[in-house]
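The values are calculated or read from the model by the stated rules, or taken from the named source; none is laboratory data. On a predicted model such as this, the values are computed, not experimentally measured, just so you know. All Cβ positions, even for glycine, are placed from backbone atoms using ideal geometry, and neighbour counts span all protein chains on display.
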Amino acid sequence: MKLLICPMNGPRNIDEFQSFGPVRAEPDPDRTADADWSRHLFRAENRRGIVVEWWRHVPSNYFFLAERDLVTNEVIRTFDPSERRDQS
Amino acid sequence: MNRLPAPWGSRIDRSRPLRFSFEGKDFEGYAGDSIASALAASGQWVLSRSFKYHRPRGILSMTGADANTLVQLPFEPNVAADRTPISEGLRVSAQNVNGTLERDGDAIIDRLGRFLPVGFYYRTFMGPRRDSWLKFWEPMIRRKAGLGVVDTTAPHRHFDKSHLHCDMLVVGAGPAGLNAAIAAAEAGADVVLCDENPEIGGSLTYGRHDPAMLADLSSRLRALPNLHLLTGTVCNGWYEDNWLPLIQGDRLYRTRARTVILATGSIEQPAIFRNNDLPGIMLGGSAQRLIRHYGVRPGQKAVVLATGDEGYCVALDLVEAGVSVILVADPRSGGETGTFEAELHGKGVAIRKAVTIEAAQGTAGNRHLARVRVGGRWIECDLLAVSAGQVPAWQLPCQSGAKVGYDAASGSMMLSLPKTPVHLAGSVAGDSDLQGAIAGGHRAAVAALLGLGHAVVEDKIFTRPMATSPVHVLPIVADPKGRDFVDFDEDLQVKDLQNAVKEGYREIELVKRFSTVGMGPSQGRHSALATARIVAEATDRTVAEVGITTARPPVGPETLGVLAGHHEPLERRTALHARHLALNAVMKPVGAWWRPYFYGDAGAAEKMIRDEITAVRQGVGLLDVSTLGKLELRGPDAGEFLDRLYTMAHANQPVGRVRYCLMLNEMGSVVDDGVAYRMADDRFYVTATTGAVARVYADMLFWNAQWRLRVDVLNLTGAFCGLNVTGPKARAVLEALESDIDFGREAFPYLSGREGVIAGVPVRVMRIGFTGELSYELHSPSSLAPALWDAVMTAGKPYGLKPYGLEASRILRLEKGHILIGQDTDAITTPDELGFGWAVSKKKPFFVGKRSIELRARLGQSRKLVGLRFPADAMDLPGESCLILRGNAPVGQITSIGFSPTLGCTIALAYVHVDDSTEGSLVMVKCRNGNLVDGPVVAHAFFDPANARQEM
């Protein structure tokens, strides 16, 4: 079983976590055409490469981000969402 | 009669004879004997009939890795007789026989073999009808070509699971694994060492080695408290980040190791020639195991096929065990005369070079080996020990990322480890001689310890000695008449694989699927290399290009009990569970929760439920609503947070007020509802539906991980209990209790909340009305809830207060037309379809789902949830989920239905076409019996449409 390093709880078995999918673009709902809004809701990109994903540590209900290589399933790093804000 | 004297037989205890039966016949063995060894000791060599041709089969490997020895126990099929110990009174029978093992009626199939070519089943049993395969052929073939029988009346067994954590797991306690584990433990690492055998030592226990070596390793091992030894334990897979299941009997150890050394050894390979499957033909290691482990003489007159020193050792062992070795056939031509060769010569054993076994013949019915042909000459014998090389046990290494390679010069498979989290040691790594294995064990331990951060000095003496003996690639002797088996499990011969290639299946994966090679219990252990060689030759490629198929977990068979979960399902009980039971509640599960369905006489459900409903409508009732989701939100942005999450306005909600809240997903569908009580400017108490609270709680934090508002969310669902006191007399009951809360109509109006103390219990009280009656919902810490319940019950006595259950609650809310999320909504329900336009703020710039409901509103509304009121004298009534038809097309369905004692008729909630949703419309409902009935539409609540009662 894979281990995932939770930024708050340390390394834990992957079955303690729930994936919430890749971080998506955040289009302005008031300035997005209907077709684009539908695409935003229902179409997910699934490209090879490294993605940043939302993960939840279920017992502590803590959400964090993980950089993962979709080809090798290697988790490059995990970090608290506040770091994302700091970067942007 | 084949039992050797002591000291042969390290596993058996001659002081403890055991009786057991095989095929109804009594046998005797010793404690420590396996079924196969005890039978062999008594001269019973045939253990099974083969899968397809029903040929007699016997001991092949003595490792539990082949189908030859699978037998049936009373409660367990497919048991490996060469691994399973006998016990007193054990009843063993053969499986896959028609008649008896000795006289199998289906043995005739062996002579019809040429009519059963590879792929025969795929082509032959297609017709005559479409379902002929499933209805007729498949059951028939399953009877003929089955394995064991599952006894569904078998008693329950207890299985359990345990967790292990260690610095290092060493799989395999042979010379390499033992040396690696001891070296690592002596360096201070916390080591787990496991081996599938009942004792440590691996080849040291059955090979021709100095017994002092094992004794020394054993005493060093025992002196190490940080070395945890698990014998009789199978490592059945490698999973990511070094997570490995270790199975010891009926216990599963889920093991997480910081580093892993795989010393899984190697698998001796059979030779291929005509009739190579006869009982009496076994692997060299198998003969040695019989002799040294069990003190069983594997034959009287033996021929040994030897392609290296191991084979010469087998011959020497046989001579010492009193077997007359007639010939050692060595396919290698010339070469140096080794010490073993001279030793054999000294014992008078003939050795022929540059010859191999060309064919074998059996006794009547092929029940045992009778003779073998070597260099064109037939030699009478009853044992052929085959020592023709081995392949590394590749299963676990490959699961961890190792790649299989092939060295054409030596004809051997080898493993390489490009960047894997495991280390290999011993013959699995190609170090098949003893000194090499010991050195390899030390090397692996040093590498693994360095990886763990231990300061280890690499020891120079542990370098790999050079291989000295010449190597030889044993030819595959295909026979024009077949019966030259490549895969004993599946009865596949050389020509079957060649034919599979001729059919166009060139790739090894396709050859496997078409021919079933490697799909049997041995999973290619004895056939993968030979298959690769045959396919390589047939397709004019190299063995490396052809490769072998992927070996996935589990490595060996595992009992389903080891994998199964607990017998007892998880259940949740409210703090008032005992109170309900004391009142004779009939309890029902609602998700994980157990709730009272109704109270009182279980045989008079209908009356009990009606009485409960009447009590609420006319007097006062009490409902345990503790299963409701309860969330507390704190922080300066709490109001803003709720504004974004729910459809109504909460930022401007006055302190002390309670507001309905409706949650949408991003698609604009209704996913939850509840109420929000503003306890302070920066503090809300929010309820969620029982089934959705876990997800709502997760979603709240998911959204806030993105929004990063200053708010904390606390899930109080288990920590708080809820009591709903409801009915016209509810206020009187509460006013009779000692409290600092004023329950008066003006002081505590509808849709407001108060904090205080009732009967000494701190409470949060909300005036809300799921039943449509005057209601107070009392929330208190769970530990104090029973005291509060008792106080309310006592105070309510003079008013006829009656606890009511889930069914009464369901009808009470249905009479009011109140919806249940998930029951009356589905994945695409919008607020408009529920008539909940009033609950959606038009002023807020944003809330989750806003953009989507606006978009969906433009697409047009097709259905609406309405009430249906069926006449009291209706002959047919629909049930839940019955369709609403318009013309012939379904436009909706009944979502809730029940008899209302208050109204004296059956009422329902249903989705109807939006054009039929006005009061007085009639819709067509299809009942379960197929009859169509009219459903008169009611646009408002069935009972008290003006909602006067709840605001009293």
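Residues considered: B:Val713, B:Val671, B:Val675, B:Val658. Of these, the only one that is within 14 Å of chain A (Cβ to nearest Cβ), crowded, with 16+ Cβ neighbours inside 10 Å and part of a strand (DSSP E or B) is B:Val713. Is there a residue in the range B:9-25 that is touching a residue at least 24 places away in the same chain (Cβ under 8 Å), in contact with a Gly (Cβ under 7 Å, 6 or more places away or on another chain) and surrounded by 23 or more Cβ atoms within 10 Å (Cβ to Cβ)? Among the residues of the range B:9-25, at least one is touching a residue at least 24 places away in the same chain (Cβ under 8 Å), in contact with a Gly (Cβ under 7 Å, 6 or more places away or on another chain) and surrounded by 23 or more Cβ atoms within 10 Å (Cβ to Cβ), which makes the answer yes. For the range B:237-257, the tally of residues that are crowded, with 18+ Cβ neighbours inside 10 Å, assigned to a loop (DSSP other than H, G, I, E, B) and more than 14 Å from every other protein chain (Cβ to nearest Cβ) stands at 0.
For every residue, the table says whether it meets (1) in a loop (DSSP other than H, G, I, E, B); (2) more than 9 Å from chain B (Cβ to nearest Cβ); (3) β-branched (Val, Ile, Thr).
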residue: A:Asp36; (1), (2), (3): no, yes, no
residue: A:Leu41; (1), (2), (3): no, no, no
residue: A:Arg47; (1), (2), (3): yes, yes, no
residue: A:Val51; (1), (2), (3): no, yes, yes
residue: A:Trp55; (1), (2), (3): no, yes, no
residue: A:Arg68; (1), (2), (3): no, yes, no
residue: A:Val71; (1), (2), (3): yes, yes, yes
residue: A:Ile76; (1), (2), (3): no, yes, yes
residue: A:Glu83; (1), (2), (3): no, yes, no
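If you go through the range B:1-29 and keep only what is within 9 Å of B:Tyr294 (Cα to Cα) and among the charged types (D, E, K, R), you end up with B:Arg3, B:Arg11.
Yes or no, residue by residue, for (1) touching a strand residue (DSSP E or B) at 6+ places or on another chain (Cβ under 6 Å); (2) farther than 30 Å from B:Ala730 by Cα; (3) without any contact (Cβ under 8 Å) to a residue 24 or more places away in the chain:
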{"position": "B:Ala910", "(1), (2), (3)": "yes, yes, no"}
{"position": "B:Asp915", "(1), (2), (3)": "no, yes, yes"}
{"position": "B:Val923", "(1), (2), (3)": "yes, yes, no"}
{"position": "B:Asn931", "(1), (2), (3)": "no, yes, no"}
{"position": "B:His940", "(1), (2), (3)": "no, no, no"}
{"position": "B:Pro945", "(1), (2), (3)": "no, no, yes"}
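Restricting B:Tyr799, B:Tyr776 to those that are buried (at least 22 other Cβ atoms within 10 Å of the Cβ) and of a type in the set (Phe, Trp, Tyr) reduces the list to B:Tyr776.
Taking the criterion of being under 19 Å from B:Arg373 (Cβ atoms), polar (S, T, N, Q) and at pLDDT 95 or above, the residues of the range B:272-321 that qualify are B:Asn275, B:Asn276. Of all residues in the range B:221-234, one or more are in a strand (DSSP E or B), touching a Gly at 6+ places or on another chain (Cβ under 9 Å) and away from chain A (no Cβ under 14 Å). Restricting attention to the range B:28-82, the residues being buried (at least 23 other Cβ atoms within 10 Å of the Cβ), among the aromatic types (Phe, Trp, Tyr) and either farther than 29 Å from B:Arg274 by Cα or touching a strand residue (DSSP E or B) at 6+ places or on another chain (Cβ under 9 Å) (or both) number 1. Sort out which residues of the range B:284-322 are aliphatic (A, V, I, L, M), surrounded by 24 or more Cβ atoms within 10 Å (Cβ to Cβ) and closer than 18 Å to B:Ile351 by Cβ, and write them in order of number. Of everything in the range B:284-322, those that are aliphatic (A, V, I, L, M), surrounded by 24 or more Cβ atoms within 10 Å (Cβ to Cβ) and closer than 18 Å to B:Ile351 by Cβ turn out to be B:Ala287, B:Ala302, B:Val303, B:Val304, B:Leu305, B:Ala306, B:Val314, B:Ala315, B:Leu318. Quick check on the range A:1-23: of everything there that is in a loop (DSSP other than H, G, I, E, B) and within 10 Å of chain B (Cβ to nearest Cβ), which residue is nearest to A:Phe42 (Cα to Cα)? Step by step, filter the range A:1-23, then rank; the result is A:Val23.
Of all the listed residues (B:Arg541, B:Arg533), the sole one being of a type in the set (Lys, Arg), part of a helix (DSSP H, G or I) and not assigned by TED's automatic domain parsing to the domain that holds B:Asn276 is B:Arg533. In the range B:1-24, the qualifying residues are those that are within 18 Å of B:Trp45 (Cα to Cα) and of a type in the set (A, V, I, L, M), and the one that is modelled with the highest pLDDT is B:Leu4. When B:Val234 is tested against the conditions (1) farther than 30 Å from B:Leu369 by Cα; (2) touching a His at 6+ places or on another chain (Cβ under 8 Å); (3) of a type outside the set (Phe, Trp, Tyr), the lone failure is (2).
Under the condition of being crowded, with 24+ Cβ neighbours inside 10 Å, of a type outside the set (Val, Ile, Thr) and more than 25 Å from B:Arg572 (Cβ to Cβ), the residues counted in the range B:620-640 number 1. Please pick out the residue among B:Leu147, B:Leu224 that is more than 33 Å from the chain's Cα centre (by Cα), among the hydrophobic types (A, V, I, L, M, F, W, C) and either closer than 22 Å to B:Leu424 by Cβ or surrounded by 12 or more Cβ atoms within 10 Å (Cβ to Cβ) (or both). Result of the check over B:Leu147, B:Leu224: B:Leu224.
Only a single criterion out of (1) outside any strand (DSSP E or B); (2) away from chain A (no Cβ under 14 Å) is not satisfied by B:Ala698, namely (2). Looking at B:Val763, is it over 46 Å from the mean Cα position of the chain (by Cα), β-branched (Val, Ile, Thr) and not in a loop (DSSP other than H, G, I, E, B)? Taking the combined requirement at face value, the residue does not satisfy it. If you go through the range B:623-655 and pick out every residue that is assigned to a strand (DSSP E or B) and among the charged types (D, E, K, R), you end up with 4.
Only residues that are touching a Phe, Trp or Tyr at 6+ places or on another chain (Cβ under 7 Å) and buried (at least 19 other Cβ atoms within 10 Å of the Cβ) were counted in the range B:493-505, giving 3.
Taking the range B:880-926 as the region of interest, the strands (runs of 3 or more DSSP E) fully inside it that hold 3 or more residues being within 30 Å of B:Gln618 (Cβ to Cβ), in the same structural domain as B:Pro936 (by TED's automatic domain parsing) and within 45 Å of the chain's Cα centre (by Cα) are B:889-900, B:905-913. Residues being out of contact with any strand residue (DSSP E or B) (no Cβ under 6 Å at 6 or more places or on another chain), at pLDDT below 95 and within 19 Å of B:Asp241 (Cβ to Cβ) are represented in the range A:74-84 by at least one member. Only a single item in (1) assigned to a helix (DSSP H, G or I); (2) away from chain A (no Cβ under 14 Å); (3) among the basic types (Lys, Arg); (4) buried (at least 20 other Cβ atoms within 10 Å of the Cβ) is not met by B:Arg754, and it is number (1).
Output the residue which, of all residues in the range B:47-82 that are hydrophobic (A, V, I, L, M, F, W, C) and touching a Lys or Arg at 6+ places or on another chain (Cβ under 6 Å), is nearest to B:Val517 (Cα to Cα). Checked the range B:47-82; the qualifying residue nearest to B:Val517 (Cα to Cα) is B:Ala65.
Between B:Ala528, B:Ala536, B:Ala544, the distinction of being over 28 Å from the mean Cα position of the chain (by Cα) and either closer than 30 Å to B:Val374 by Cβ or modelled with pLDDT of 95 or more (or both) belongs to B:Ala536 only.
The strands (runs of 3 or more DSSP E) located wholly in the range B:306-394 that include 3 or more residues which are among the small types (Gly, Ala, Ser) occupy B:357-362.
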